[in-house]
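Everything on this sheet refers to the single structure shown next.
The values are calculated or read from the model by the stated rules, or taken from the named source; none is laboratory data. In this text, all values refer to a predicted model and were calculated from it rather than measured experimentally. Using ideal geometry, Cβ is built from the backbone for each residue, glycine included, and neighbour counts are taken over all protein chains shown.
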């Protein structure tokens, strides 16, 4: 009996097909716990319009990628057999080469990075064949299945490590784990603003893979890249269910445009083809007006206004609606979302409407911004801080958040402090109409989706806690909080943050 050698790993497989954790797979997992190896099980590579399932892959950032084929052949199955290459593998020089698998990985990597992929090594997991039985097989097995590339049922962990380390360490430094896996598994990869890659955390991957049913809540820490993860969730859903429609809601038009740009960056980087018209990123008013137009009613502009009649009408706007930063939305709008959710799934991000099923505890930001409290004349102190920051930073690295009156007053005086005119940011305008090359002055409701090296906060005593917390989260290096009078909001911030940072040793003088 002749047994054709391994056919391609990349035959179309059902998503539900998974490899059970056999003894050998458990040993592989155990090895990764005390080494620099990372094991990936039942992963899918998406490329253009196609998907390819890889049952088992191991990454060694010193050597490359290991691919594993699992076989349950026993000695009784093989003892009277010879083995030969399958017809589509006769041209392969490597007797243990899953050629189609490697081609897909190489092609994906090369199209994204424009250079050669990392080395790929191939191994066989023989679940029911031990090393001694292998020696009694026909010589054809030893030629096509070299012993140093076969992991047997009785292989100990140290033997497995030795076989893996048989592959030489790459002479040239390999890309980082984030770059290798990020270029292959785009559904779990955050594309940063500078187009660098960051792999999602375990809790983020669990969310991306989970089914959202009915009303669900996600609670996400600051700097957890939650908005990017929402996009990855939608992209994976679209890849698996092309006919589904999605809506992501952001508080402002500017925030929507910034998120749309992120979506385009991800899709372009990933080299995938999905229908972007079925992924809508809109403001609360946009959604309300969609409903009003369906009812042939007059649309609204300005502030969010929920007509009472809308609370008595159904509206199947999309298969899944995700409302980002729900804590910054008007309460009546959240009530409206819950009402129309009865025929679709709804995810509220950072809402206390119900207990959160998903939680992003891990902050991906390496260092938190330093906080400084200044009790002084707000206007004079803000100008002083801006002047000081401009000695070492560019104007575009500074954001000042205040109420509208303070914003206008600061703008009048800033022409003496900065070369370029300050940007009076208006988040109700499109991204294309904004100039981010100068210092930005904005109100608390304009902060969504923005970031800056340095943030100065004014007028906190008449601002909601959720808006203050969001304004704090947009700073990368420093936050300067200026206030003239003590209030509950300042007291809350001091209690929460001041003990974490060294307080200014110099007494602030009241400036006039």
**Report entry** Sole residue being more than 25 Å from the chain's Cα centre (by Cα), surrounded by 13 or more Cβ atoms within 10 Å (Cβ to Cβ), at pLDDT 85 or above and within 22 Å of residue 58 (Cβ to Cβ), chosen from 121, 109
**Finding:** 121
Report summary line: Listed by first then second residue, the pairs whose first member lies in the stretch 269-284 and is at positive phi and not assigned by TED's automatic domain parsing to the domain that holds residue 51, whose partner is assigned to a strand (DSSP E or B) and buried (at least 16 other Cβ atoms within 10 Å of the Cβ), with beta carbons under 7 Å and at least 6 positions apart or on separate chains, are 271/47
Report summary line: Within the stretch 28-62, residues out of contact with any helix residue (DSSP H, G or I) (no Cβ under 7 Å at 6 or more places or on another chain), without any contact (Cβ under 8 Å) to a residue 40 or more places away in the chain and in a strand (DSSP E or B) come out as 41, 42, 50, 57
**Report entry** Breaking point among (1) in a helix (DSSP H, G or I); (2) modelled with pLDDT under 90; (3) farther than 30 Å from residue 205 by Cβ, for residue 409
**Finding:** (2)
Query - From the options 230, 264, 239, residue that is in a helix (DSSP H, G or I), touching a strand residue (DSSP E or B) at 6+ places or on another chain (Cβ under 7 Å) and surrounded by fewer than 20 Cβ atoms within 10 Å (Cβ to Cβ) - result: 239
Query raised in the report: In this structure, does residue 332 turn out to be surrounded by fewer than 20 Cβ atoms within 10 Å (Cβ to Cβ), touching a residue at least 12 places away in the same chain (Cβ under 8 Å) and either on the phi > 0 side of the Ramachandran plot or not in a helix (DSSP H, G or I) (or both)?
Result: no
Query raised in the report: Out of curiosity, is residue 164 modelled with pLDDT of 90 or more, in the same structural domain as residue 28 (by TED's automatic domain parsing) and more than 25 Å from residue 274 (Cα to Cα)?
Result: yes
Query raised in the report: surrounded by fewer than 22 Cβ atoms within 10 Å (Cβ to Cβ), over 30 Å from residue 340 (Cα atoms) and modelled with pLDDT of 90 or more, is that true of residue 184?
Result: no
**Report entry** Hey, residue 218 over 30 Å from residue 237 (Cα atoms), in contact (Cβ under 8 Å) with a residue 12 or more places away in the chain, touching a helix residue (DSSP H, G or I) at 6+ places or on another chain (Cβ under 8 Å) and crowded, with 18+ Cβ neighbours inside 10 Å or not
**Finding:** no
Report task. With respect to residue 187, determine if the residue is outside the structural domain of residue 57 (by TED's automatic domain parsing) and either part of a helix (DSSP H, G or I) or closer than 30 Å to residue 48 by Cβ (or both). Result -> yes
Query raised in the report: Does the stretch 434-441 contain any residue that is modelled with pLDDT of 95 or more, part of a helix (DSSP H, G or I) and touching a helix residue (DSSP H, G or I) at 6+ places or on another chain (Cβ under 6 Å)?
Result: no
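Quick check on the stretch 146-155: of everything there that is touching a helix residue (DSSP H, G or I) at 6+ places or on another chain (Cβ under 8 Å) and not in a helix (DSSP H, G or I), which residue is nearest to residue 82 (Cα to Cα)?
150
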Query raised in the report: Here are some conditions: (1) modelled with pLDDT of 95 or more; (2) over 22 Å from residue 65 (Cβ atoms). Residue 205 meets all but one. Which one does it not meet?
Result: (2)
**Report entry** Scope the stretch 391-411; condition under 23 Å from residue 463 (Cα atoms) and surrounded by fewer than 20 Cβ atoms within 10 Å (Cβ to Cβ); matching residues
**Finding:** 403, 404, 405, 406, 408, 409, 411
Query raised in the report: Taking the stated definitions as given, is residue 274 farther than 24 Å from residue 429 by Cβ and in a helix (DSSP H, G or I)?
Result: no
Query raised in the report: Looking at (1) within 15 Å of residue 125 (Cα to Cα); (2) touching a strand residue (DSSP E or B) at 6+ places or on another chain (Cβ under 6 Å); (3) in contact (Cβ under 8 Å) with a residue 60 or more places away in the chain, can you tell me which one residue 164 breaks?
Result: (2)
